[in-house]
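So the structure is just underneath, and the comments pick up after that.
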Amino acid sequence: MARKRKYAMIIDTKRCVGCSACVYACKSENNVPEGFCRDWIVQRIEGDYPKLTMLNRSERCQHCENAPCVSNCPTTASHYGGDGTVQIEPDLCTGCKACIAACPYDARYIHPEGYADKCSFCQHRLKQGLKPACVTVCPTKTLHLVDLNSNDGEAEKLMRGREVVQDKVHAGTMPKLFWLM
Amino acid sequence: MAGGSLSFNQHKSLKAAQTSEEKVVPTLCELCFWRCGVNAHVRDGKVYKITGQEQHPLSNGRLCPRGTGGHGLLYDPNRLKHPLIREKVNGKEMFRKADWEEAITLVADNFMRIREEYGHGSVVTFTHGFGASFLKILCASCGMISAPSYAQCRGPREDAFKLTFGHSVGSPEALDIKNSQYLVLIGTHLGENMHNTAVQDFADAIGNGCRIVVVDPRFSTAAGKAERWLPIRPGTDMALLRAWIRILIEEELYDRPFVEENTVGLEEVREGVQDATPENTAALTGIAAEDIIAVARDLGRYKNHALIHPGRRVTWYGDDTQRERAIAILNALLGNYRRPGGLFKQNKYGVPKPKFPIAIVGERKFVSRYPFASSVPASEILQQTITSDPWPVKGWMVYGTNMIHSLGNQAQTIEALNQLEFMVAIDVLPMEITSYADVILPEHTYLERYDDLDDRSFRVPYVGLRQPVVPPLYDTKSGYEIAKMLSEKMGKFDLFPDDVETYLDGRLREVNSSLAEIKEKGVLKKPEMDFYRKPWESLKFRTPSGKIELASSKLKASGFDAVPRYTPPQENPPGYFRLLFGRAPMHTFGRTANNRFLGELMPENELWVNEITGKDMKLKPGEYVYLINQDGVKSKTPIKIRLTQRIRPDSVYMVHGFGHTHPELEQAFGRGASDADLITHLDIDPIMGATGMQNNFVTFTRKA
């Protein structure tokens, strides 16, 4: 049997200019309705004039290994995709919002058609051997989709020598977005 | 779980069946003027997404947010959908729907009448963008002047580099940013100024560990990437550049062999910058002397692999050509010409240009009063329209440029408009300027039309094609059809072939290709240039001396300073703040403010105000205020206050392109404010006629 994949995303904040190409590419790829998004940019400024620092972060669903949205979903609509991703089956979703309350990353919204929606790592593209739309569009090559179960060394190469930050690890979610500082 | 997966797969296969109608068409973007290759994805006859073209050297498969949201323009409900003619009904002026035959006849008749009455050059075309190429041919063959937006953008840079190196920087800029080891940006906000390839190169430079210095009154995104942010006092950049020149020369940090072999005027420059000591410069610029010295020494350390970026829109203070000259001199001293990380010269693919007849206009050939204007300054034509000196201008054709928002000094633009006997506007959306037209001709959007071949200089010489992706949605026409119809009405029957395909195919046959081939491929490419200079190469420059002119012989001969001199900027009137403006990555000037898709990413602009200033002026974050400038002119719309540490306390900043007042722009109407309302003072560059826009100052009022 083929080795199981474990997709994760590595995001190089040094390269990111916060342009939002990832946000709109996702919206058109996934037909995300007006007023919502599956990924977004956070820009943080710290310090006092003129000693300032800036952090640009492209954010989305963390595709947690221990995902509260999955464990809190009463209908199994939220489920593990088997490739390290967390997916939603719209037909099973009742729009009860238990997952939205459970998600520490505020990654979900209720689609106007009544189901919870969020980043899928563009699973339909992964199946065609393509990278997610946000990764493909990114003009600064900030975003990298990696397979942590692969031995291609890509994740190690990207992280080598870099400070790696994860979000709300204390929540025990085992998130799979890695920001390089 | 298994059930979920099964159902998911079914869902997918259903989707696959639905997508069988899909096609992908390679074409060129027009959301800004960089002209990236894009793939337009069409499903059931509708463009649903746009991605970067893998094979296109400007996109490399990647794209900025504007290009990604380009179909927001195609499907904009407020588009110009049919020709419009101004008419007086019961004393009230309004636009009525017209057919093309009537509208084109009216335009041609009026232009011919004006030309008959006032002579050649009495009709002028203002253009911004690639779609104007065929109209420019029409103008040349009918004795009409055409004025691009050069004097409001990168004109001073191009002319300064021509004077120094004998060639311009060009667009896309011939800068080897991705291989730079030390990059200095002067007000250039790469990352907010979102030219795809330039930002790709900038990110590669960051990835390669390039050290970055940003000189900017505002903590830009680029400043967020820099090891040093130097929040310079606005208007004193020239002082800083001269100080760096002085240190490079005095401390012998310049590339001596290169400078000795390839430049003239070092001694004159040395003399000319004697006053620019680090201490004097610190007092002028507000930048500490040790920072000034440290950067100069770093420049000297990286020399050939360091780059002072010449910027893009550099029409700031009226001495912009000289400031750009100072930047050119610094780069020359570093010896970075055609070295990894420096300046270079790039080539075209080289599709021969078809020969079109050019009208003989005799005495009426436009000669700018600004001796080094290498293009027609729009602002000068505006003046001529008002004064009729040296001859009257009575007809305007305005293509794709919203002059009310782009030129500054709106009162002057309106005064000029009032002198006209006829004006036609060609655009895809209603804009403030189109309201002044007698006839409005609606153009196809870039996704519905062919344009001329894109054969520009780049490190990978290429030809790009813009081709229609979907049939036109409305009763609009392409620039080609408009130019052809006008030419025939004006008696030039053979100017253009019957259809644009024949024209494009004819051009491509000259390079052993065809329209069919490029339609399929999207782009023709040659191998990347090997532009790095070889040790045995001797360099020649197209300047009077054949060398890089550190001191400019041409400027000197025309009575200008051969070595750039510092002029102090205008001071802020008490209680007023300098108005700075720039770009955001998701918008292009005022052209995209009505795009619903991009509007979601950024619906309005905000006024950046330093937190200390905010406290002094009792401004609350998020409140809306009107702005009043030094001449008592108030912004037409209010703007939201953003209190931030990211700007000097003496300046305020907004993204250009908002504050639209055209009621038919439903998305953009009344959102944010326009800097153009407040730029009543222009400083004209005496060397080439650029309009400096940044000596304007504002204060706040809550009164509507």
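One line per residue, one yes/no per condition, for (1) of a type in the set (Val, Ile, Thr); (2) farther than 30 Å from A:Ser20 by Cα:
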{"residue": "B:Lys46", "(1), (2)": "no, no"}
{"residue": "B:Glu54", "(1), (2)": "no, no"}
{"residue": "B:Gly70", "(1), (2)": "no, no"}
{"residue": "B:Pro83", "(1), (2)": "no, yes"}
{"residue": "B:Lys92", "(1), (2)": "no, yes"}
{"residue": "B:Trp100", "(1), (2)": "no, yes"}
{"residue": "B:Phe111", "(1), (2)": "no, yes"}
{"residue": "B:Ile114", "(1), (2)": "yes, yes"}
{"residue": "B:Ser122", "(1), (2)": "no, yes"}
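Is it the case that some residue within the range B:220-227 is surrounded by fewer than 23 Cβ atoms within 10 Å (Cβ to Cβ), in contact with a helix residue (DSSP H, G or I) (Cβ under 9 Å, 6 or more places away or on another chain) and not assigned by TED's automatic domain parsing to the domain that holds B:Gly582?
no
Consider B:Gly614 carefully, then state whether it is away from every other protein chain (no Cβ under 14 Å) and either part of a loop (DSSP other than H, G, I, E, B) or at pLDDT 95 or above (or both).
Details: away from every other protein chain (no Cβ under 14 Å): no; either part of a loop (DSSP other than H, G, I, E, B) or at pLDDT 95 or above (or both): yes.
Criteria not met by B:Gly614.
Residue-by-condition table, conditions (1) facing chain A (nearest Cβ under 8 Å); (2) touching a strand residue (DSSP E or B) at 6+ places or on another chain (Cβ under 8 Å):
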site	(1), (2)
B:Lys178	no, no
B:Ile186	no, yes
B:Met194	yes, no
B:Val199	yes, yes
B:Val214	no, yes
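Hey, could you check the range B:454-469 for residues that are surrounded by 24 or more Cβ atoms within 10 Å (Cβ to Cβ) and in a loop (DSSP other than H, G, I, E, B) and say which is farthest from the chain's Cα centre (by Cα)?
Within the range B:454-469, the match that is farthest from the chain's Cα centre (by Cα) is B:Val469.
Kindly indicate whether any position in the range B:19-33 is at pLDDT 95 or above, touching an Asp or Glu at 6+ places or on another chain (Cβ under 6 Å), more than 11 Å from chain A (Cβ to nearest Cβ) and not in a strand (DSSP E or B).
No.
So B:Thr567 ticks every box in (1) touching a helix residue (DSSP H, G or I) at 6+ places or on another chain (Cβ under 8 Å); (2) within 12 Å of chain A (Cβ to nearest Cβ); (3) under 26 Å from B:Ala243 (Cβ atoms) but one. Which box is left unticked?
Of everything listed in (1) touching a helix residue (DSSP H, G or I) at 6+ places or on another chain (Cβ under 8 Å); (2) within 12 Å of chain A (Cβ to nearest Cβ); (3) under 26 Å from B:Ala243 (Cβ atoms), B:Thr567 misses just condition (2).
Within the range B:551-579, can you find the residues that are closer than 30 Å to B:Thr263 by Cα, surrounded by fewer than 19 Cβ atoms within 10 Å (Cβ to Cβ) and of a type in the set (S, T, N, Q)?
B:Ser553, B:Ser558, B:Thr567
Considering the range A:137-169 alone, what residues qualify as being out of contact with any strand residue (DSSP E or B) (no Cβ under 6 Å at 6 or more places or on another chain), more than 27 Å from B:Cys64 (Cα to Cα) and of a type in the set (A, V, I, L, M, F, W, C)?
Within the range A:137-169, A:Val169 is the sole residue that qualifies.
Which number in (1) within 14 Å of B:Leu550 (Cβ to Cβ); (2) assigned to a helix (DSSP H, G or I) marks the one condition that B:Leu299 misses?
(1)
Quickly run through the range B:61-78 and pick out the residues that are in contact with a strand residue (DSSP E or B) (Cβ under 7 Å, 6 or more places away or on another chain) and either of a type in the set (Ser, Thr, Tyr) or part of a loop (DSSP other than H, G, I, E, B) (or both). Even if it seems obvious, please write down each step before you answer.
At the first step, the residues of the range B:61-78 found to be in contact with a strand residue (DSSP E or B) (Cβ under 7 Å, 6 or more places away or on another chain) are B:61-63, B:67-68, B:70-71, B:74.
Within the range B:61-78, B:Gly61, B:Arg62, B:Leu63, B:Thr68, B:Gly70 qualify.
Does B:Thr445 count as under 30 Å from B:Gln383 (Cβ atoms), within 21 Å of the chain's Cα centre (by Cα) and of a type outside the set (Asp, Glu)?
no
Can you confirm whether the range B:560-567 contains a residue that is part of a loop (DSSP other than H, G, I, E, B), within 21 Å of B:Gly129 (Cβ to Cβ) and at pLDDT 95 or above?
So far as the range B:560-567 goes, no, none of its residues is part of a loop (DSSP other than H, G, I, E, B), within 21 Å of B:Gly129 (Cβ to Cβ) and at pLDDT 95 or above.
Please indicate, with yes or no, whether at least one residue in the range B:40-49 is touching a strand residue (DSSP E or B) at 6+ places or on another chain (Cβ under 9 Å), away from chain A (no Cβ under 12 Å) and in a loop (DSSP other than H, G, I, E, B). Steps first, please.
We begin by selecting, within the range B:40-49, every residue touching a strand residue (DSSP E or B) at 6+ places or on another chain (Cβ under 9 Å); these are B:40-43, B:47-49.
Filter again for away from chain A (no Cβ under 12 Å), leaving B:42.
The next check asks that each one be in a loop (DSSP other than H, G, I, E, B); those that pass are none.
For the range B:40-49, residues touching a strand residue (DSSP E or B) at 6+ places or on another chain (Cβ under 9 Å), away from chain A (no Cβ under 12 Å) and in a loop (DSSP other than H, G, I, E, B): absent.
In the range A:19-66, what count of residues is obtained for those that are small (Gly, Ala, Ser), surrounded by fewer than 24 Cβ atoms within 10 Å (Cβ to Cβ) and closer than 23 Å to A:Ser120 by Cα?
Applying the first criterion (small (Gly, Ala, Ser)) to the range A:19-66 yields A:20-21, A:25, A:28, A:35, A:47, A:58.
With the extra rule that they be surrounded by fewer than 24 Cβ atoms within 10 Å (Cβ to Cβ), the set shrinks to A:28, A:35, A:47.
Add one more test, that the residue is closer than 23 Å to A:Ser120 by Cα, and what stays is A:28, A:35.
The total comes to 2.
Which residue out of B:Glu324, B:Glu260, B:Glu252 is free of Cβ contacts under 8 Å to residues at least 12 places away in the same chain and part of a helix (DSSP H, G or I)?
Of B:Glu324, B:Glu260, B:Glu252, the one residue that is free of Cβ contacts under 8 Å to residues at least 12 places away in the same chain and part of a helix (DSSP H, G or I) is B:Glu260.
Could you tell me whether B:Ser368 is in contact with a Pro (Cβ under 7 Å, 6 or more places away or on another chain) and either surrounded by 23 or more Cβ atoms within 10 Å (Cβ to Cβ) or of a type in the set (S, T, N, Q) (or both)?
It is true that B:Ser368 is in contact with a Pro (Cβ under 7 Å, 6 or more places away or on another chain) and either surrounded by 23 or more Cβ atoms within 10 Å (Cβ to Cβ) or of a type in the set (S, T, N, Q) (or both).
Scan B:Leu665, B:Leu619 and give me the residue that is part of a loop (DSSP other than H, G, I, E, B), surrounded by fewer than 24 Cβ atoms within 10 Å (Cβ to Cβ) and under 23 Å from the mean Cα position of the chain (by Cα). Reasoning before the result, please.
Values: B:Leu619 fails: under 23 Å from the mean Cα position of the chain (by Cα).
Just a single option satisfies the conditions, and that option is B:Leu665.
Tell me which of these B:Gly582 doesn't satisfy, since it passes every other one: (1) within 14 Å of chain A (Cβ to nearest Cβ); (2) free of Cβ contacts under 8 Å to residues at least 60 places away in the same chain; (3) of a type outside the set (S, T, N, Q).
Every listed condition holds for B:Gly582 apart from (2).
Considering only residues of the range B:393-411 that are farther than 21 Å from B:Val439 by Cα and either part of a loop (DSSP other than H, G, I, E, B) or free of Cβ contacts under 8 Å to residues at least 40 places away in the same chain (or both), which is nearest to the chain's Cα centre (by Cα)?
It comes out as B:Leu407.
Name the pairs: first residue in the range B:669-690 and in the same structural domain as B:Ile641 (by TED's automatic domain parsing), second residue among the charged types (D, E, K, R), Cβ to Cβ under 6 Å, at least 6 apart or on different chains?
Close Cβ pairs satisfying both conditions: B:Arg671/B:Glu604; B:Gly672/B:Glu604; B:Asp677/B:Lys636; B:Thr680/B:Asp631; B:Asp685/B:Asp320; B:Met688/B:Asp159; B:Gly689/B:Glu380; B:Ala690/B:Asp320.
Taking strands (runs of 3 or more DSSP E) that fall entirely within the range A:14-125, which contain at least 1 residues that are farther than 30 Å from B:Phe202 by Cβ and at the interface with another protein chain (Cβ under 10 Å from one of its Cβ atoms)?
Because the criterion is at least 1 residues that are farther than 30 Å from B:Phe202 by Cβ and at the interface with another protein chain (Cβ under 10 Å from one of its Cβ atoms), the strands (runs of 3 or more DSSP E) in the range A:14-125 that meet it are A:78-80, A:86-88.
B:Val89 fails exactly one of the following numbered conditions: (1) outside the structural domain of B:Pro442 (by TED's automatic domain parsing); (2) out of contact with any helix residue (DSSP H, G or I) (no Cβ under 7 Å at 6 or more places or on another chain); (3) farther than 14 Å from B:Leu441 by Cβ. What is the number of that condition?
(1)
Looking at the range B:53-104, which of its residues are among the polar types (S, T, N, Q) and either surrounded by 15 or more Cβ atoms within 10 Å (Cβ to Cβ) or under 25 Å from the mean Cα position of the chain (by Cα) (or both)?
B:Gln53, B:Gln55, B:Ser59, B:Asn60, B:Thr68, B:Asn78
Hey, among the residues in the range B:591-607 that are surrounded by fewer than 23 Cβ atoms within 10 Å (Cβ to Cβ) and in contact with a strand residue (DSSP E or B) (Cβ under 9 Å, 6 or more places away or on another chain), which one's nearest to B:Ile641 (Cα to Cα)?
B:Glu606
The values are calculated or read from the model by the stated rules, or taken from the named source; none is laboratory data. Since we're looking at a predicted model, the values are computed, not measured. All Cβ positions, glycine included, derive from the backbone under ideal geometry; neighbour counts span all protein chains shown.
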